[in-house]
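Working notes, structure below.
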Amino acid sequence: MELHIRLEGRKGLADQLYQQLREGIDSGHLAAGTQLPPTRLLAEQLGVSRKTVAEAYSRLTYESLISGVVGRGTFISPRRALQPPPAQGAPLAGADMLERWRSRATVLSLRGLDGPSRYDFIGGASSKAQFPYDQWRSCMQYALRRSQHHRELKFAAQGLSELREAIAHHIAFARGVHCSASDVLVCNGAQQALDLIARVLIEPGSKVAMEDPGYPPARQLFLALGADVQSVAVDDQGMCVEQIAAGTRLIYVTPSHQFPLGMPMAEPRRHALLARAAELGALVIEDDYDCEFRYQGPAAEALQRLDRNGLVAYVGTFSKTLLPELRLGYAVLPPAVMQAACVAKQLTDWHSPSLPQWALARFISEGHLSRHIRRCHDIYSARRERILARINGDLAPWLRAVPASAGFHLSALANPGVDVERLISLARRAEVGLYSLAPFFSQAPLQPGLLMGFGAIELLDIDPALDRVADTLYVLS
């Protein structure tokens, strides 16, 4: 690869070369450690004498900007990075729109910026130690072989048929969802599924209803698209359906494991929600983000299974079940929505990456996903029971658990007098990562408490971590 240098005329060539190399180094375009071409080769490329190049190199060496290594060549020297000059561009006509998007930074994207604690109760994270890397590696090798012999250069925006078929069978078995491969849209995580559904259904000013407290990335997405987002309170039965306003076009809900509190939506409330959606002609997004893991009682039926009017879009993800790095999710969409969502998907990114799709289809069809879920179920169940035992035991004077039977997080509400934010700050000093429920509330009265994730913390670490939390609570009392 040739070094991009442009010399003009036939005078001052060494100085021109020096200046351009110096500017490249100062700007960072020529990074530290980059090897420069040998003087003879660069002279041939530029059509100048070798002496001209050598003179420029000599000046740069004198200034310690480059250095030669015997037997290897000439390299850019390490140096302190210069601060780029402030941008002085003309004001953009769309500056107000840019500000609207900048203001949409979500609470979940800001958590853990200081790095993980030694003991971390972060929610929404699974245990990487349990992931079957060997089986996944084999499936990726299969995907590479498929790609090598695959003649098509383009793929359907809806997703590979093999994966959509595998997903349909899996969620029918695990969650009782009624669907076929033609009803499944493969997405880059559940967040893209939410974006595609919202993008084709709402416009600025459209009314969207969602739980409060609720999932911040969904709320921020709807707001960024210009929606009028209504906060609907939840109680121990789930979303208070009677509060959904007239004219609502989209309803977002987490009925199987309410985010973040954790309780399931009661059966009568589910039927009431579907009836209200039918009355309004509103689409219901059912976000079933982590409900492969259920620990007690019969699994509540998915809203999608109860739907008789084609008004439920069922959204799921493999980022929590398997690995967040996979960024693969899906949506089961009513026929009225599917075509528009596929067009939006194609205009956004053409299609999700094909190699992970082939690999995941193989992973599911060979039974690896089901075995992984069964194995993780026992692990997460033991962690959950241990946390509950402590909250209901020595931590009971300060915390009380919200009943939840699924997922890999639970919520612990603070008893009166507990300063949750102070607790979190002091626990961080004791190397324990705790997370407040406060950022998940929008307009509903705040219920102080903690979101206790147990997907990423090992069982043997729970007691030492909660011992430190107990000590901190004693100090605060």
Which residues, taken from region 48-71, are touching a residue at least 24 places away in the same chain (Cβ under 8 Å) and either at positive phi or among the hydroxyl-bearing types (Ser, Thr, Tyr) (or both)? 52
Region 387-407: number of residues that are at pLDDT 95 or above, of a type outside the set (S, T, N, Q) and closer than 21 Å to residue 119 by Cα: 13
Considering every residue within region 198-208, establish whether at least one is in contact (Cβ under 8 Å) with a residue 12 or more places away in the chain, surrounded by 19 or more Cβ atoms within 10 Å (Cβ to Cβ) and over 22 Å from residue 338 (Cα atoms). no
Somewhere in region 239-252, is a residue modelled with pLDDT of 95 or more, within 20 Å of residue 179 (Cα to Cα), assigned to a loop (DSSP other than H, G, I, E, B) and small (Gly, Ala, Ser)? no
Hey, among the residues in region 410-441 that are of a type in the set (Ser, Thr, Tyr) and in contact (Cβ under 8 Å) with a residue 60 or more places away in the chain, which one's nearest to residue 122 (Cα to Cα)? 435
Among the residues of region 69-88, is there at least one that is within 30 Å of residue 226 (Cβ to Cβ) and either assigned by TED's automatic domain parsing to the domain that holds residue 226 or at pLDDT below 90 (or both)? yes
Would you check if there is a residue in region 453-475 being outside any helix (DSSP H, G or I) and of a type in the set (Phe, Trp, Tyr)? yes
Scan region 229-239 and give yes if some residue there is β-branched (Val, Ile, Thr) and within 20 Å of the chain's Cα centre (by Cα), otherwise no. no
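The values are calculated or read from the model by the stated rules, or taken from the named source; none is laboratory data. In this text the structure is predicted, and so the values were computed from the model without any measurement. No Cβ is skipped: glycine too gets one built from the backbone with ideal geometry, and neighbour counts run over all protein chains shown.
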